[in-house]
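First up is the structure itself, then whatever we jot down about it.
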Amino acid sequence: MKILTYENAKIAVFGTTLAALFLGAVLHKPVEFSETENRYLGQRPKLTTAKLLDGSFMKDYETFITDQFPNRSFFMGVKTAVERLRGRADDNGVYFGKEGYLFGKYDGALFESETAENNISAVAEFVKLYGDKFGKEHFKIALAPSSSEILKDKLPANAPVYNQTGFIDKIKKEAGEDYVIDLGENLKKHADEYIYFRTDHHWTTLGAYYGYEAIAAGLGLEVQPLEKLKAETVSNDFLGTYDSKVNTGITGGVDADSITIYSSAEIDKAGMIWDNDKDKSFDSIYKMDALKGKDKYTVFFGGNHSVTDIKTENKTGKTLLIIKDSFAHNLAPFLIKDYDRIIMLDLRYFNKSLKKYLSENKITDLLVLYSTPDFAEDANIGRLLR
């Protein structure tokens with residue numbers, strides 16, 4: 001009879017625990033959406049002969065097991081704790097920076113990809129199509145670098161980061177300097193202020209204001225002084241997308257972010273409608289109930305929609321179309337005073353002809369607004385040319 005040694009016992013316990021967790025992932029009812037990670041999770045794939053033969057079934061099943069792993073968020077936090085104890089400066093695509101900042105790891109693979117090159121070509125062609133029609137005073141492409149580009153002094157020592165300013169310069173060269181604004185130029189002047197969230201990839205509302213300053217100047221608008229707006233901090237416990245990837249709750253060292261909204265006579269009177277659906281019409285551009293959930297950033301316009309149509313009580317005779325990612329959400333309120341109507345389009349969900357939409361809605365001003373990493377990786381930028 002073999003004696004159960006300490007090592008054998010450890011192996012047995014580990015194997016039993018692993019088997020139990022695996023069975024738990026297989027047998028429990030799959031969760032569709034993770035509020036912690038703010039994304040849809042992999043679901044149990046359907047077995048077909050074709051998927052089995054081409055290998056996609058096993059790949060999809062592996063994603064399903066990984067995403068549906070019991071207490072996934074907790075184990076992500078344990079993994080982060082172990083990696084930090086080992087002296088790692090990053091985990092799961094996130095750098096652990098100084099002063100409690102988390103940063104996304106954006107490297108050359110993203111900015112030098114075929115998608116990025118195609119997007120540069122697409123936006124250059126877009127300028128050729130509409131530059132003369134709108135004129136450079138009414139048509140701008142604005143790109144906001146990520147926090148890792150602006151707050152480099154807070155990155156871990158020797159952390160390699162891609163030169164996003166150089167990437168924007170490349171777009172300027174292809175599309176024309178008269179039409180492209182590097183929002184990083186103004187952000188760098190305020191790098192010592194709270195302009196990016198510590199735990200999220202977005203800029204704060206203050207950072208968005210400095211982006212607005214550059215855009216307003218480019219569009220020939222009178223910049224609204226920040227001190228003339230009423231500021232209200234609506235949350236002090238926001239944990240964003242970077243934190244969701246590493247779950248710092250176990251390791252600590254990262255403070256939750258605060259979210260501030262601004263109001264004025266024009267902003268308070270503005271309402272919105274999502275996707276031209278009268279049942280999704282609201283008297284405010286702020287969705288205060290979003291503050292009860294995980295993704296508190298959706299307090300701005302309720303998050304991403306194909307079309308967010310903002311109606312004001314102004315009489316300017318001007319309509320602004322913003323083709324954007326979510327960096328536009330806390331910037332758009334600053335532009336409300338200058339337009340009768342602002343329409344925000346998200347190309348990920350917008351499936352109509354943009355050319356036809358521009359004509360039907362009598363657009364007078366056009367703004368393409370993206371964070372630089374999102375612009376580089378969004379495979380839908382080509383829809384600008386439809």
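Restricting attention to the stretch 309-329, does a residue exist that is closer than 25 Å to Ala216 by Cβ, in contact with a helix residue (DSSP H, G or I) (Cβ under 7 Å, 6 or more places away or on another chain), among the small types (Gly, Ala, Ser) and not in a helix (DSSP H, G or I)?
Within the stretch 309-329 (the criterion being closer than 25 Å to Ala216 by Cβ, in contact with a helix residue (DSSP H, G or I) (Cβ under 7 Å, 6 or more places away or on another chain), among the small types (Gly, Ala, Ser) and not in a helix (DSSP H, G or I)), the answer is no, since none of the residues qualifies.
Anything in the stretch 108-145 that is surrounded by fewer than 18 Cβ atoms within 10 Å (Cβ to Cβ) and among the charged types (D, E, K, R)? List them, or say none.
Within the stretch 108-145, Glu112, Glu114, Glu117, Glu125, Lys128, Asp132, Lys133, Lys136, Glu137 qualify.
Which numbered condition in (1) among the acidic types (Asp, Glu); (2) within 19 Å of Leu155 (Cα to Cα); (3) open to solvent by less than 70 Å² (accessible area, probe 1.4 Å); (4) in contact with a helix residue (DSSP H, G or I) (Cβ under 9 Å, 6 or more places away or on another chain) is the only one that Asp255 fails?
In the conditions (1) among the acidic types (Asp, Glu); (2) within 19 Å of Leu155 (Cα to Cα); (3) open to solvent by less than 70 Å² (accessible area, probe 1.4 Å); (4) in contact with a helix residue (DSSP H, G or I) (Cβ under 9 Å, 6 or more places away or on another chain), Asp255 misses (3) alone.
Hey, can you tell me all the residues within the stretch 230-248 that are hydrophobic (A, V, I, L, M, F, W, C) and at pLDDT 90 or above?
Hits for the stretch 230-248 are Ala231, Val234, Phe238, Leu239.
Would you confirm, using the coordinates I've provided, whether Ser306 is without any contact (Cβ under 8 Å) to a residue 12 or more places away in the chain and among the small types (Gly, Ala, Ser)?
no
Determine if the stretch 362-372 includes at least one residue that is of a type in the set (Asp, Glu) and open to solvent by 10 Å² or more (accessible area, probe 1.4 Å).
No: the stretch 362-372 contains no residue that is of a type in the set (Asp, Glu) and open to solvent by 10 Å² or more (accessible area, probe 1.4 Å).
Looking only at residues that are of a type in the set (D, E, K, R) and part of a loop (DSSP other than H, G, I, E, B) in the stretch 293-308, which one is farthest from Ser281 (Cα to Cα)?
Restricting to residues being of a type in the set (D, E, K, R) and part of a loop (DSSP other than H, G, I, E, B), the top hit is Lys294.
Are there any pairs with C-beta distances below 6 angstrom linking a residue in the stretch 80-96 that is more than 14 Å from Lys154 (Cβ to Cβ) and acidic (Asp, Glu) to a residue that is modelled with pLDDT under 55 and open to solvent by less than 30 Å² (accessible area, probe 1.4 Å), with the two at least 6 apart or on different chains, and if so which?
That search, which allows pairs on different chains as well, returns Asp91/Thr80.
Is there a residue in the stretch 260-282 that is under 30 Å from Tyr101 (Cα atoms) and in a loop (DSSP other than H, G, I, E, B)?
no
Report, by residue number, each residue of the stretch 133-182 that is closer than 15 Å to Ala214 by Cβ, in contact with a Ser or Thr (Cβ under 9 Å, 6 or more places away or on another chain) and not in a helix (DSSP H, G or I).
Leu143, Ala144, Pro145, Asp182 - these are the residues of the stretch 133-182 that are closer than 15 Å to Ala214 by Cβ, in contact with a Ser or Thr (Cβ under 9 Å, 6 or more places away or on another chain) and not in a helix (DSSP H, G or I).
Looking at the stretch 284-299, I want the residues that are without any contact (Cβ under 8 Å) to a residue 60 or more places away in the chain and have a partner that is of a type in the set (Val, Ile, Thr) and open to solvent by less than 50 Å² (accessible area, probe 1.4 Å) with Cβ atoms under 6 Å, at least 6 apart or on another chain. Which pairs are those?
Tyr286/Ile261; Tyr286/Val299; Lys287/Val299; Ala290/Thr298; Ala290/Val299; Leu291/Val234; Leu291/Val299
Of all residues in the stretch 146-198, how many are open to solvent by less than 40 Å² (accessible area, probe 1.4 Å) and of a type in the set (Lys, Arg)?
Qualifying residue count for the region: 2.
Being under 23 Å from Met288 (Cα atoms), buried (at least 21 other Cβ atoms within 10 Å of the Cβ) and not aliphatic (A, V, I, L, M) is the filter here; which residues of the stretch 213-252 pass it?
Within the stretch 213-252, Phe238, Gly240, Tyr242, Asp243, Ser244 qualify.
Is at least one residue of the stretch 67-84 acidic (Asp, Glu), outside any strand (DSSP E or B), at pLDDT below 95 and buried (at least 18 other Cβ atoms within 10 Å of the Cβ)?
So far as the stretch 67-84 goes, yes, one or more of its residues are acidic (Asp, Glu), outside any strand (DSSP E or B), at pLDDT below 95 and buried (at least 18 other Cβ atoms within 10 Å of the Cβ).
The values are calculated or read from the model by the stated rules, or taken from the named source; none is laboratory data. Keep in mind that what you see is a predicted model, and the values were worked out from it rather than measured. Cβ: placed from backbone, ideal geometry, glycine included. Neighbour counts: every protein chain shown. What goes into the accessible areas is simple: the full protein's heavy atoms, side chains included, and nothing from ligands, DNA or RNA. Shrake-Rupley method; radii C 1.70, N 1.55, O 1.52, S 1.80 Å.
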